[in-house]
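A short worksheet on the structure shown next.
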Amino acid sequence: MTTTTLAVLVPLLPFLGAAAGLLLGRTAPGFVRPLAVLPPLASLVLAALVAVRQGGGPAVDAHTELTPTGSVPVELALHIDGFAALVAILVAFVASCVQIYSTGYLRDDPRYPSYAALVSLFTSAMLLVVYSGDLIVLLVGWEVMGICSYFLVGHYWETPEARAASLKAFLVTKLGDVPFLIGLFALATDAGSFRVTRVLGTVASGGLHHPTVVALLLLAGVAGKSAQFPLHTWLPDAMAGPTPVSALIHAATMVAAGVYFVARLLPVFEASGAAMLVLAVMAAVTMTGSGLAALAQDDIKRVLAYSTVGQLGYMTGALAVGDRGAAVFHLLSHGAFKALLFLAAGVVIHAAGTNSLAALSRMRGLRDRVPDAYWTMTVALLALAAIPPFSGFFSKESVLGAAEHAAGGHTAHVPGAAGLLVLVAGLVTAVLTAAYATRLWLLAFHGRGAEAPDHGRQPLTMTVVLWVLAIPSLAFGGLAYRTLPGWFDGRTLTPTALTSVLGTGLAVVGGLLTYGVWQRTTRNLVSTPLGAVAAHPGADAGRVEAEAIATHTPAYGDIARAPDPADPGRVLLGPLHRHAAAGFHLDAVYSALFVRPVRAGASLVRFLDREVVDTYVGAAAALPRLLGAAVRRAQTGNVQTYVSALLAGTVVLAVAVVLVATGA
Amino acid sequence: MNPALALAAAPHGFLSPTGVEIAFLLVGLVTFGAALITVTTRQLVHAALWLVVALGGLAVEYLLLTAEFIAWVQVLIYVGSVVVLLLFGLMLTRAPIGRSPDADSGNRRAALAVALAAAVALVWVVVDAFRTTWMDLSGPAAGATHVTGASLFRYWVLPFEALSVLLLAALVGAIVLSRKAKADDRAGAGGTTAADGAPAPAPAGKDSAR
Amino acid sequence: MHLVYPAVLSALLFCTGLYGVLARRNAILVLMSVELMLNAVNLNLVAFDVWLSRAARDTLHSGQALTLFTIAIAAAEIGIGLAIVLAVYRNRGTSDIDKLRDTAERPDGAEPGPAAAEKTEATA
């Protein structure tokens, strides 16, 4: 088979799996699990084959036009360069892990068939985005991901949190997608084609008329999809979905799509200095803000969610300093260790019956109950905190190195201020990342108090996946940083001495500081009993998690934080803690700015509809009813009355005819 | 122009009626009065009897119009059979003998208004149209039996035969209607015959009327 | 003779019958009134036939022929009419026209009473 055929099959297989899963879900339940697991695995093999054949050489391009579609043609096009080949491997890899994990996680879930089909569809859409060489085809995958995320986040739709979160995820990402679409059109109008290669060619020849406007419009969509400030608020709430979905969305697919898109079209953004600066500011605010917020969260998955936002901030930061190699490098390593973190967190939640760090910190011996999750999560957290030699260290250092390079003004197209901003924010975030990673690790696995409940061994499908993911989390960065530049733009990804020492030092400082504070605050543990555990701890993991999410607000008074004095984050953040836990009140700001005016407008429209428009409608019904009642009164059933009326009419008509005929 | 018509046009005034006209007028008054009593009397059987007077008066009017065959047919069929049928009908439906206070329905005022309006309109139109029209009754009778028979069997044979089919259908229909009612009413004694819509003999009819 | 005399008498008789049809309660009286109306028409037909047979030399005598037909049809009508009235009377115990109100508009949702079924049966 040619490389093109293989590449076409990569997104097609999960799509066919999804279709078959949806069709057979009810009639043949036995096929659902193979149909869920095998297509992503096959896609993984094929994506690896494509990557081997492409080999980091010149991009594979293929295109066909199905039918003429107006002035700007839409083509089915593939554009596989080193970025696409490697990101596709990551997507297929994580999706396979998630599907395998889900067979254990949602073992008894009655909605598992549709869930698995949607995950497959989601994977297929992301692979389409990755391989597509046409912006409209890319948009199709982009939007399919949006709708799939809506369904998957709302998987536990019985809980109000899940319903609200799925709607929020959908609306917020759509809010970004509208300018994104307009930006795509503007781009294609200037380029005369939706093909990525043509667009890039146009940009290179300076044919783009309004680079700043186009870049900012595209940036809105990217911010929505990749959860960048100020459109990141949907992502922490999306934790109301099942853990495997969180892993899929946050590691490899949806949030990666935005970064990947910018990486692919980076020359468009580089054409506008303002856009690069906006990107840098966005990345800096996202990074630091999410780091602070992560430190204050109580829900273990919300910590990871804010951590995702922060790591995505690193990637956009790398893009803002014009180094897409670093961005995609971090995307790849982050995809591996963040998927691992989420899946391990799912195991922890299942074992402990709660998702609250406050409750976990009052449980002794959880690490002995779930040793797989403990060890793999330790690896992933070290990778997250960018401690050498874990993979996160290399990818993050490549970002910081690029920022430092740009801060010195050595990078073309990039303002020096952007580089400086990203560098400073990146270093601050390094401290924060290490701090919240340490806090998570300490609170989750080093609790004191009652013995952790024992629900037996975790399903093998769940634990094996953790170890599979632990390998790239551990070794990918160190193995790959020398070979990757050949796949990417050729720019070096080797850590520089200055940023390595600075970044690692700051991370160690953050970790030690948190450890010290924890030593002190943990004495308060005994004095404040706290915690709630799921009602059915023995049930399958999905159900336990749904119950844990549903009980968090009643038990602690808030979805995001718990009144726990033993929390080191509380001491570290000081007065900021309250605001950080609430995500710096961004939701409240949105509520005041958008939700309330819209609601007021809606109530006005409702008033107009009910009181004004309905009056006319009601009158239109009441008048004929009145007339009908009058006419009905005439229907006495008395034949003589009828005949009387008939003859009276006849007489009148006859007289009238005679009068007319005689001309009177 | 027809000389008879020209002769007829001028000299005949309403103030100098001929003898035939006077007779027609008097009989007409009697007929009209009898008809009025028929539709207003409170005694149902009397209404039928006054109907006999009205129909008989009409027969006389036909004679005065020289239509002798129709006059005798009128007497035979209407006075002889239709009124008898109606009387049987009154009996079979147990019409009260003597005054019945509710002979008129509540529709009386409307009926009066419509009838008066129709009368005014018709009389006005008729008088306005035929004020001066004169018909000549002298000479051979226009409605003599010979003439009527000749025209009936020369020009109207087909409708005449069709009419016989219609009468047959009416006969069968009347029988079917009566028999159906009979079948529903098993308790009724005796067979009911209904020839040409004629009701059953009185005693049996009364029994089955329950 | 003036044509007006029979014509006016015919019109008056017709309206008398009309009044009877509209005002009488007993169905048989209504039938009588119908007879009056038919006879009024007959008188008209005869009068105009006599006039036209002279004035227009009409040899068809359509008026008299139609009168005979009317009389025959009236006989058939009275037979059928009486049969119907008798059937109604047997079923309902009354021959009052204004009590046969099965076609009256009822309040919404009201079931048509058993009377309606009987009526349809009776007139079938």
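Being surrounded by 19 or more Cβ atoms within 10 Å (Cβ to Cβ), at the interface with another protein chain (Cβ under 9 Å from one of its Cβ atoms) and not basic (K, R) is the requirement here; does B:L92 meet it? Spelling it out, B:L92 is indeed surrounded by 19 or more Cβ atoms within 10 Å (Cβ to Cβ), at the interface with another protein chain (Cβ under 9 Å from one of its Cβ atoms) and not basic (K, R). Against the condition buried (at least 24 other Cβ atoms within 10 Å of the Cβ) and at the interface with chain B (Cβ under 7 Å from one of its Cβ atoms), how does C:L60 come out, does it pass? Considered against the rule, which asks whether it is buried (at least 24 other Cβ atoms within 10 Å of the Cβ) and at the interface with chain B (Cβ under 7 Å from one of its Cβ atoms), C:L60 comes out as no. I'd like to check something: does the range A:116-128 contain any residue that is surrounded by fewer than 18 Cβ atoms within 10 Å (Cβ to Cβ) and either in contact (Cβ under 8 Å) with a residue 60 or more places away in the chain or among the polar types (S, T, N, Q) (or both)? Looking for residues that are surrounded by fewer than 18 Cβ atoms within 10 Å (Cβ to Cβ) and either in contact (Cβ under 8 Å) with a residue 60 or more places away in the chain or among the polar types (S, T, N, Q) (or both), one finds none in the range A:116-128, hence no.
Hand me the list of helices (runs of 4 or more DSSP H) wholly inside the range A:584-664 holding 3 or more residues that are within 60 Å of the chain's Cα centre (by Cα).
On the way: elements: A:586-590, A:596-607, A:614-634, A:639-662.
Counting at least 3 such residues, we get A:586-590, A:596-607, A:614-634.
Suppose we filter the range A:468-508 for residues that are closer than 22 Å to A:D81 by Cα, within 28 Å of the chain's Cα centre (by Cα) and hydroxyl-bearing (S, T, Y); how many remain? Residues meeting the conditions: 1.
Taken over the range C:2-23, the criterion of being surrounded by 23 or more Cβ atoms within 10 Å (Cβ to Cβ) and either modelled with pLDDT under 90 or small (G, A, S) (or both) is satisfied by C:A7, C:S10, C:A11, C:G17, C:G20, C:A23.
Between A:R367, A:R439, the distinction of being more than 30 Å from A:L277 (Cα to Cα), surrounded by 24 or more Cβ atoms within 10 Å (Cβ to Cβ) and in contact with a Phe, Trp or Tyr (Cβ under 9 Å, 6 or more places away or on another chain) belongs to A:R439 only. Restricting attention to the range A:134-168, the residues that are crowded, with 18+ Cβ neighbours inside 10 Å, assigned to a helix (DSSP H, G or I) and out of contact with any Ser or Thr (no Cβ under 6 Å at 6 or more places or on another chain) add up to 19. I'm checking my understanding of the structure. Among residues of the range C:90-105 that are in contact (Cβ under 8 Å) with a residue 40 or more places away in the chain and either more than 7 Å from chain B (Cβ to nearest Cβ) or not in a loop (DSSP other than H, G, I, E, B) (or both), which one is surrounded by the most Cβ atoms within 10 Å (Cβ to Cβ)? This residue is C:I97.
Yes or no, residue by residue, for (1) of a type in the set (A, V, I, L, M, F, W, C); (2) closer than 12 Å to A:G224 by Cβ:
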site	(1), (2)
A:L139	yes, no
A:E143	no, yes
A:I147	yes, no
A:L152	yes, no
A:E158	no, no
A:E161	no, no
A:A165	yes, no
A:K168	no, yes
A:V172	yes, yes
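So which residues in the range C:1-53 are under 22 Å from B:L92 (Cα atoms) and part of a loop (DSSP other than H, G, I, E, B), if there are any at all? Scanning the range C:1-53 gives a single hit, C:R25. Cβ separations smaller than 6 Å between residues 6+ apart or across chains give the following pairs from the range B:44-69 residues that are under 26 Å from C:I28 (Cα atoms) to residues that are among the aromatic types (F, W, Y): B:L55/B:Y78. Inspect all residues belonging to the range B:111-130 and state whether any of them is modelled with pLDDT under 85 and either facing another protein chain (nearest Cβ under 8 Å) or over 28 Å from B:T66 (Cβ atoms) (or both). No, the range B:111-130 has no match at all. Looking at C:A76, is it at pLDDT 90 or above, within 20 Å of the chain's Cα centre (by Cα) and either part of a helix (DSSP H, G or I) or of a type in the set (S, T, N, Q) (or both)? Yes: the conditions hold for C:A76. All conditions in (1) modelled with pLDDT under 85; (2) in a helix (DSSP H, G or I); (3) hydrophobic (A, V, I, L, M, F, W, C) hold for B:L168, with the sole exception of (1). Only residues that are within 24 Å of the chain's Cα centre (by Cα) and not in a helix (DSSP H, G or I): list them for the range B:134-154, please. Answer for the range B:134-154, where residues must be within 24 Å of the chain's Cα centre (by Cα) and not in a helix (DSSP H, G or I): B:M135, B:L137, B:A141, B:A142, B:G143, B:A144.
The values are calculated or read from the model by the stated rules, or taken from the named source; none is laboratory data. It should be emphasised that the depicted structure is a prediction, and the values quoted were computed from it without experimental measurement. Quick reminder, even Gly has a Cβ in these numbers, built from the backbone with ideal geometry, and neighbours come from all protein chains shown.
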